[in-house]
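Here the structure is laid out as structure tokens; the discussion comes afterwards.
Throughout, read-outs are computed from the coordinates displayed, never taken from laboratory work. Remember, it's a predicted structure, so these values are computed and weren't measured experimentally. FYI the Cβ positions are ideal-geometry reconstructions off the backbone, even for glycines, and counts take in every protein chain you see.
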Amino acid sequence: MKKISVLALVACVGSPALADEVDAETVGKIEAYLASVECQMDPDDIEVEDDGYDLDDVICKGGNQFDIKLDKDLNEVSRKAE
């Protein structure tokens, strides 16, 4: 019986976490939008949702922290202070 490496198994089956990763181009667009509204965040805190993106722990000018939701076209649809 042949042994299958864990990496080969993951490559064949796929990884659900990888399906929800944000591509570099989208991260750049999100960062550009945040800069335009004087905010910043760690790109690792961008979460893909069915209707767009959830940005956690966004820090804006003045030190205020927010959770921001963007639609699929990267338009801000909500901002909640933390």
Full-stretch length increase - Val22, Gln40 - with 0.36 nm per residue and alpha-carbon distance subtracted: 4.8 nm
Tell me, what is the percent relative contact order of the range 22-81, built from C-alpha pairs under 8 Å that lie six or more residues apart? 23
Mind checking which aspartates and glutamates have their Cα closer than 14 Å to the Cα of Lys61? Skip sequence neighbours fewer than 8 apart in that chain. Glu38
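Taking the square root of 5 times each eigenvalue of the Cα gyration tensor, what semi-axes in Å does the equivalent ellipsoid of the range 22-81 have, largest first?
Ellipsoid half-lengths, sorted descending, are 17, 12, 10 Å.
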For the pair Ser78 and Val48, how long in nm is the line joining their label points, each one 7 Å along Cα→Cβ? 2.1
